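The structure appears right after this line, and notes come after that.
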Amino acid sequence: RLVAALNGYKPPPALDFDYCEIGCGNGDTTATLAAANPESRFVGVDLSSEHVTFANGLAMRGGLTNVAFLDRDFERMVGDDLPSFHYICAHGFLSWVSQAKRKAFIEVCSQKLAPGGLLYVGYNALPGWAGLSPLRRLIQDGAATVDGDMLEKASRGLALAKLLRDAGTGYFEANPTAKAMVDTMAKAGLPYIVHEYLQPHWHPMYFADVAREMAENDLHFVGQLPLYLNYRNLSLGAVLVELTKTVTDRLVYESLKDFALNELFRRDVYIKGQG
């Protein structure tokens, strides 16, 4: 809501609203928001029945009556007896589905958002991930040498990456982001590596391409999280602020900013029907 307001758009209501999270996982975020907003209604959707079972148990233990968790493909939402939503959120979802599934997701969001409703999407971004694509291949090649489960495969892939990084190989020396990412992977743990690097679909995207697909479905870019990224003088150095002063098209500016920051992950907000 604050992203919308800061960028000149009237946000949806702060009370008595309908909220949906697609790819809700174990439901902790959706359940927390439901507990904090008892006058509003929440829906979490996830393809994993295990996740949804846990989420429903979480809601029950918390005594929440204003949240429902659905075990289904999000495309079924169109035919479900669900309300229009003021808010739809999908964190990371776009990066790990096929192009056809991403297109369907955007269409569903456009259909299920009320006019003036907000869509939040978080996704792996380019150009930041361009130098990390070979790291993903390295992890996968290492994982392929193991016959065990996915965690064992991830462990082998991480070990191979550490070995080559610590040996000072050319790829890692030329890509400091990849060197740092090995430490990030080790800290985040093996389940993160499975999710981020060993899935069949992995599609970092340029902002301009995402914004175009959204606009084709009457979803229009509003702004970005964290909040400081909506301000030129807070997100760019003085030289780049000066260089981009003549750029008045927000979408063009956002693309240039991603190159300036070598953006790895975008958290964007779109609005339904106010382009």
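The values are calculated or read from the model by the stated rules, or taken from the named source; none is laboratory data. Since we're looking at a predicted model, the values are computed, not measured. Virtual Cβ from ideal backbone geometry, glycine too; neighbours counted across all protein chains shown. Keep in mind that these areas ignore ligands, DNA and RNA; they rest on the heavy atoms of the full protein, side chains included. Shrake-Rupley method; radii C 1.70, N 1.55, O 1.52, S 1.80 Å.
Before moving on, here are some points about what is shown:
- Among 65-76, 262-273, the peptide with the highest mean count of other Cβ atoms within 10 Å heads the list, and the full ranking is 262-273, 65-76.
- Size check on region 104-252: the Cα extents along the three principal axes, sorted descending, read 50, 42, 21 Å.
- Under 5 Å from the amide H of Gly92 lie the amide H atoms of Gly122, Tyr123, each residue being 5 or more positions distant or on a separate chain, with H modelled from the backbone and absent for Pro and chain starts.
- Taking amide H as placed 1.01 Å from N in the peptide plane, the amide H of Glu263 sits under 5 Å from that of Gly128, each at least 5 places away or on another chain.
- Other residues with beta-carbon under 10 Å from the beta-carbon of Trp202 carry, at +1 per Lys or Arg and -1 per Asp or Glu, a net charge of 0.
- Each residue of region 128-140 is assigned a 3J(HN,Hα), and the resulting list reads x, 7, 4, x, 9, 4, x, 5, 4, 4, 4, 4, 5 Hz, derived from the Karplus form 6.51 cos²θ - 1.76 cosθ + 1.60 (θ = phi - 60°), x at Gly and Pro.
- Value of Rg/Rh across region 1-122 [Cα atoms, Kirkwood radius]: 0.95
- According to the calculation over all Cα-Cα pairs in region 88-154, the P(r) per 10 Å bin from zero is 17, 32, 29, 16, 5, 0 %.
- Helix-only CD estimate at 222 nm, as mean residue ellipticity for the chain, using -39500 (n - 2.57) per DSSP H run (n ≥ 4): -13500 deg cm²/dmol
- Per atom type, region 62-126 shows carbon and sulfur on 51% of its accessible surface, probed at 1.4 Å.
- Distance between region 239-256 and region 169-194 - C-alpha centres, whole angstrom: 31
- Over 29 Å between alpha carbons, listed pairs Lys101/Lys162; Lys112/Lys187; Lys10/Lys257; Lys103/Lys179; Lys103/Lys257: Lys101/Lys162; Lys112/Lys187; Lys103/Lys179
- Accessible area per residue, Å², the chain with all protein chains present, probe 1.4 Å: 48
- Shape call, region 19-75: gyration tensor on alpha carbons, a/c limit 1.5: oblate
- Along its three principal directions, the equivalent ellipsoid of the chain from the Cα gyration tensor extends over semi-axes of 32, 27, 16 Å, largest first.
- Interchain or long-range residues, amide H under 5 Å from Val43's placed H: Tyr19, Cys20, Glu21, Ala68
- Per-residue 3J(HN,Hα) values for region 85-99, derived from phi via the Karplus relation 6.51 cos²θ - 1.76 cosθ + 1.60 with θ = phi - 60°, read 9, 7, 9, 10, 10, 8, 8, x, 4, 4, 6, 10, 10, 5, 4 Hz in sequence order (x marks Gly and Pro).
- Since only Ser133, Val78, Ser235 are under comparison, the one whose Cα sits farthest along the positive direction of the charge dipole of the chain, derived from C-beta charges on Lys, Arg, Asp and Glu, is Ser235.
- Share of alpha-carbon pairs per 5 Å distance bin for region 222-275, given as whole %: 4, 17, 31, 26, 13, 6, 1, 0
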